[in-house]
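Student: Dropping a structure here in structure tokens format, bear with me for questions.
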Amino acid sequence: MTRPVLLFTLLLAIALPLSLLAGRVWIDPAATPNAALIVMELRLPRGLLAIVIGAGLGASGAAMQGYLRNPLADPGLFGIAPGAALGAVMALWLGLASGLLLPLFALVGAGGAMALLALIAGRSGGIALFTLAGMMIASLAGALTSLAISMAPNAFAMSEIVSWLMGALTDRSWNDVWLAAPLTLAGIGVLMLAGKSLDALTLGEAAARSLGINPARLRWAMIVGTGLAVGSGVAVAGIIGFVGLIVPHLVRPLTDGRPSRLIAPSALAGALLVLVADMVCRILPLVSELRLGIALSLIGAPFFLWLLLKMRRELA
Amino acid sequence: MLEVQDLCVELGGASVLRGITATFRPGTVTAICGPNGAGKSTLLAALAGLLPAASGKVLLDGEALSAIPARQRARAIGYLPQAGEVAWNLSVEALATLGRLPHGDSDIQAVHAALEATGMAGFAQRPIATLSGGEKARALLARVLASGPRWILADEPLAALDLGHQLAMLRHLRSAAQGGVGVVLVLHDLPLAMNHADHVLVLDGGALHASGPPEVALSPDTIGQVWKTRARWLGEPGTRALSIS
């Protein structure tokens with residue numbers, strides 16, 4: 001186990017129990033009535049879900065950045081999360097949001113976005129084409145999502161869609177954990193298996209192929225891995241932005257720079273970030289709880305700008 | 001033995017290589033020369049098994065290269081592309097360790113031997129971004145050497161280097177060849193090819209124009225026909241200089 005993995009595991013081990021106690025009601029295990037009930041039925045599933053979703057986003061971000069050899073890559077930028085959101089919105093729009101259907105719709109949406117991306121830009125592997133194609137898919141999915149909102153069958157459906165899109169972990173149950181956790185973990189597993197191929201890609205696509213990497217297999221690993229890890233997260237929590245972008249950046253200096261060494265610590269750091277952010281959302285003394293997706297974008301967007309400024313200075 | 005037989009390669013519908021037949025021998029340094037667009041890099045990539053043949057074949061020890069599993073091919077043939085891209089700021093050691101990917105290990109002894117052979121042992125922990133162009137080129141060569149290939153195919157490995165680093169690089173490649181490795185280089189610089197290669201292929205417009213020892217393949221006649229330049233060689237074999245009139 002590498003040092004960053006140990007570090008983030010340790011921090012998670014501290015943060016998780018804290019998140020079980022923190023909230024609108026601070027729990028004193030000895031005094032609070034129904035403490036066990038609150039922890040077991042509300043806060044533990046919510047905390048675990050934050051960990052699962054954050055891990056999926058962190059790992060996907062690390063893998064995407066490795067795949068595109070670009071530190072600005074984020075699963076959200078490339079149409080996967082918007083695709084998943086569109087799928088979920090369609091489920092809400094059609095009134096099929098019960099049980100397994102909403103996440104299934106979201107997964108189909110995520111897979112569709114990735115397949116489209118691979119179809120358009122996967123063959124040549126050119127970063128510019130891949131990026132542009134992904135952004136087009138993201139805006140197409142976004143436009144279709146807006147269309148679905150504007151054509152919502154009734155006001156209730158509309159508000160349900162809008163509030164779902166903002167991303168939150170409020171009132172999530174064990175069912176959501178059982179849905180998202182296996183899929184996300186499978187996705188992270190696929191991405192970690194692709195780690196060595198991503199390492200080879202550090203040298204460019206031709207050199208990677210000369211090292212025996214199969215580009216088609218790697219592309220599929222990226223599609224399936226990111227689709228599962230991000231899609232299942234979006235399915236149970238809506239759009240949670242910027243985790244996939246920020247986390248690999250913060251973690252990269254702690255590693256030797258090889259993409260394969262970045263995936264596991266990014267998963268853990270992503271879990272930590274979402275867990276802590278969700279805890280802060282609960283604690284903040286606002287009239288209604290701050291949506292997690294909004295909170296992370298509030299942190300993420302300025303970070304992204306800072307990153308661009310820094311890169312501009314380095315390039316200048 | 002690495003051979004191409006009547007090899008034709010098409011890129012985007014255009015015929016880039018037409019009917020190339022050549023044999024590359026272990027333990028020798030072969031230079032592929034030719035004007036821009038002659039198909040040098042394409043031939044090298046085809047030798048590395050990275051491009052499909054439209055017709056004809058590439059054979060490694062008599063076996064069709066396209067039929068050899070990618071990992072096995074990667075262990076036999078090390079390929080150094082022209083761009084020298086390194087996407088992340090790895091340490092020199094981590095970069096060289098990428099050469100072990102076809103073996104599925106990170107044999108630290110092989111990596112250190114490769115760093116030693118390229119004079120990069122003292123740079124093992126240095127991030128790539130802090131290296132000069134010449135040091136980076138040696139680190140990338142160490143990556144190829146670390147996999148212990150039987151063939152090294154390098155596309156313009158000397159292009160961005162100063163004279164001293166060019167000669168150092170050629171020394172490293174020559175010592176690999178003396179160890180039995182077959183070295184194939186795309187070279188633009190005709191005097192370097194003349195003085196340092198055992199065998200030279202001259203490509204022109206996708207076809208093989210000349211092949212043989214450098215004194216034969218790079219004769220003034222050939223240079224006149226292929227590069228449209230009147231030139232003659234000065235000095236003695238091994239230290240030739242090109243005089244262009």
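The values are calculated or read from the model by the stated rules, or taken from the named source; none is laboratory data. These numbers were taken from a predicted model, which means no experiment stands behind them. Reconstructed Cβ throughout: ideal geometry from the backbone, glycine too, with neighbour counts over all protein chains shown. Keep in mind that these areas ignore ligands, DNA and RNA; they rest on the heavy atoms of the full protein, side chains included. Shrake-Rupley method; radii C 1.70, N 1.55, O 1.52, S 1.80 Å.
Student: What do you get for trypsin sites (Lys or Arg not before Pro) in the range B:151-245 restricted to DSSP loop and a cutoff of at most 15 other Cβ within 10 Å of the site's Cβ?
Tutor: Working: sites: B:171, B:174, B:228, B:230, B:232, B:240; in loops: B:228, B:230, B:240.
Counting only loop positions with at most 15 other Cβ atoms within 10 Å, the trypsin sites (Lys or Arg not before Pro) in the range B:151-245 are B:228, B:230.
Student: Below 8 Å, C-alpha to C-alpha, sequence gap of six or more: please give me the relative contact order for chain B in percent. Don't skip to the end; give the middle numbers.
Tutor: Values: 503 pairs, mean separation 61.9, N = 245.
This gives 25 percent for chain B.
Student: Shifting gears a bit: Using a Gaussian network model on chain A with a 10 Å cutoff between Cα atoms, which of A:21, A:140, A:119 fluctuates the most?
Tutor: Highest fluctuation of the listed residues: A:119.
Student: Would you mind giving the total buried accessible surface between chains B and A, with a 1.4 Å probe and ligands, DNA and RNA left out, rounded to the nearest 100 Å²?
Tutor: Values: alone 11050 and 14530 Å², together 23730 Å².
Buried: approximately 1900 Å² between A and B.
Student: Partner chain Cβ atoms within 10 Å, averaged over the residues of A:64-75 - can you pull that number for me? Walk me through the numbers before you get to the answer.
Tutor: On the way: counts 0, 2, 2, 0, 1, 4, 1, 2, 0, 0, 0, 0.
That works out to 1 on average.
Student: Hey, another quick one. Where is the GNM fluctuation largest for chain A (alpha-carbon springs, 10 angstrom cutoff): A:269, A:194, A:35?
Tutor: Highest fluctuation of the listed residues: A:35.
Student: Can you run phi through the Karplus equation (6.51, -1.76, 1.60; θ = phi - 60°) for the range B:148-154 and list ³J(HN,Hα) in whole Hz, with x for Gly and Pro?
Tutor: x, x, 8, 9, 10, 10, 10
Student: Hey, another quick one. Averaged over its residues, how many other protein chain Cβ atoms are within 10 Å of peptide B:36-48's Cβ atoms?
Tutor: Neighbouring Cβ atoms belonging to other protein chains average 1 per residue here.
Student: Now for a different question. Give me log10 I(q)/I(0) at q = 0.10, 0.11, 0.12, 0.13 Å⁻¹ for the protein assembly as shown, Debye formula, one equal scatterer per alpha-carbon, no solvent.
Tutor: -0.86, -0.97, -1.08, -1.20
Student: If each of residue A:159 and residue A:96 carries a label point 7 Å out from its Cα toward its Cβ, how far apart are those two points in nm?
Tutor: Here the answer is 2.6 nm between the modelled labels.
Student: Right, another one. Treating the beta-carbon of each Lys and Arg as +1 and of each Asp and Glu as -1, no other charges, what is the dipole magnitude of the protein assembly as shown about its Cα centre, to the nearest 20 debye?
Tutor: Numbers: 38 positive and 32 negative charges, 54 e Å.
Computed charge dipole of the protein assembly as shown: roughly 260 debye.
Student: Do you know the relative contact order of the range A:3-315, to the nearest whole percent, from alpha carbon pairs under 8 angstrom that are 6+ apart? Walk me through the intermediate numbers first.
Tutor: Values: 523 pairs, mean separation 101.6, N = 313.
Computed value for the range A:3-315: 32 percent relative contact order.
Student: Counting partner chain Cβ atoms within 10 Å of every residue's Cβ in B:96-106, what's the average? Kindly include the intermediate steps, with their values, before the conclusion.
Tutor: Details: counts 0, 3, 10, 3, 1, 10, 5, 1, 2, 0, 0.
For this peptide, the per-residue mean of nearby foreign Cβ atoms is 3.
Student: As an exercise, identify the trypsin sites (Lys or Arg not before Pro) in the range A:1-95 lying in DSSP coil whose Cβ has no more than 10 other Cβ atoms within 10 Å. Each step should come with its number before you reach the end.
Tutor: Details: sites: A:24, A:43, A:46, A:69; in loops: A:24, A:69.
Within the range A:1-95, the qualifying trypsin sites (Lys or Arg not before Pro) (loop, at most 10 other Cβ atoms within 10 Å) are A:24.
Student: Taking a 1.4 Å probe, which of B:227, A:306, A:93 shows the most accessible area, and what order do the others take after it?
Tutor: The ranking, largest first, comes out as A:306, A:93, B:227.
Student: For a quick check, take a GNM of chain B with Cα springs below 10 Å and name the residue from B:74, B:124, B:114 with the largest mean-square fluctuation.
Tutor: The residue with the greatest mean-square fluctuation here is B:124.
Student: If R0 is 22 Å, what FRET efficiency do you get for residue B:66 and residue B:14 from their C-beta distance, rounded to 0.05?
Tutor: Numbers: r = 21 Å, r/R0 = 0.95.
The computed FRET efficiency comes out at 0.60.
Student: Follow-up. Enumerate the amide H contacts of residue B:7 below 5 Å, restricted to partners 5 or more residues apart or on another chain; note that Pro and chain-start residues carry no placed amide H.
Tutor: It is B:19, B:20, B:21, B:57, by chain and number.
Student: Here is a further query. For chain A, what is the accessible area per residue in Å² when the probe is 1.4 Å?
Tutor: Working: 13610 Å² over 316 residues.
Normalised by residue count, the accessible surface of chain A is 43 Å².
Student: Give the separation of the Cα centroids, the range A:207-271 to the range A:78-105, in Å.
Tutor: Computed from Cα coordinates, the inter-centre distance equals 22 Å.
Student: What's the center-to-center distance, using Cα atoms, between the range B:57-132 and the range A:130-160 in Å?
Tutor: 46 Å
Student: May I pose another question? State the three equivalent ellipsoid semi-axes of chain B, derived from the C-alpha gyration tensor as the square roots of 5 times its eigenvalues, in descending order and whole Å.
Tutor: On the way: eigenvalues 167, 104, 47 Å².
The answer is 29, 23, 15 Å, longest axis first.
Student: Helix hunt in chain B: which complete DSSP H runs extend at least 18 Å axially by C-alpha with mean Kyte-Doolittle at least -0.5?
Tutor: Numbers: long enough: B:133-146 (20 Å, 0.40); B:163-178 (22 Å, -0.07).
Result, helices passing both filters: B:133-146, B:163-178.
Student: Okay, moving on. To the nearest 500 deg cm²/dmol, what mean residue ellipticity at 222 nm is calculated for chain A from DSSP H runs of n ≥ 4 alone, each contributing -39,500 (n - 2.57), summed and divided by the residues? Intermediate results must be reported in sequence, preceding the final value.
Tutor: Values: 13 runs with 224 residues, N = 316.
Using -39500 (n - 2.57) per qualifying helix, the result is -24000 deg cm²/dmol.
Student: Considering only DSSP beta bridges whose two residues both sit in chain B, what percent are antiparallel, to the nearest 5? Working shown, then result.
Tutor: Working: 24 of 41 bridges.
If I count the DSSP bridges inside chain B, around 60 percent turn out antiparallel.
Student: Any chance you could count the Lys pairs in the protein assembly as shown whose alpha carbons are under 27 Å apart, treating pairs 8 or more apart or on different chains as valid? Write out the running numbers ahead of the final one.
Tutor: Values: A:196/B:136; A:310/B:136; B:40/B:57; B:40/B:136; B:40/B:228.
Count of close lysine pairs: 5.
Student: Can I ask one more? So what's the gap between the Cα centers of the range B:186-245 and the range B:147-180, to the nearest angstrom?
Tutor: 19 Å
Student: In vacuum, with every alpha carbon of the range A:3-315 counted as one equal point scatterer, what does the Debye formula give for log10 I(q)/I(0) at q = 0.13, 0.14 Å⁻¹? Two decimals, please.
Tutor: -0.89, -1.03
Student: Still on this structure, I have one more. Give the accessible area for residue A:280 in Å² (nearest 10); use a 1.4 Å probe, count only protein heavy atoms, and leave out ligands, DNA and RNA.
Tutor: Accessible area, nearest 10 Å²: 70 Å².
Student: Report the calculated FRET efficiency for residue A:313 and residue A:37 (r = Cβ-Cβ distance, R0 = 56 Å), to the nearest 0.05.
Tutor: E(calc), rounded to 0.05, equals 0.60.
Student: Counting only DSSP beta bridges with both residues in the protein assembly as shown, tell me the antiparallel percent, nearest 5. Working shown, then result.
Tutor: Numbers: 24 of 41 bridges.
Beta bridges within the protein assembly as shown, antiparallel portion: roughly 60 percent.
Student: Just how large is the dipole of chain B about the Cα centre, in debye to the nearest 20, putting +1 at every Lys and Arg Cβ and -1 at every Asp and Glu Cβ? Could you put the intermediate results ahead of the total?
Tutor: Details: 19 positive and 20 negative charges, 16 e Å.
Dipole size: approximately 80 debye.
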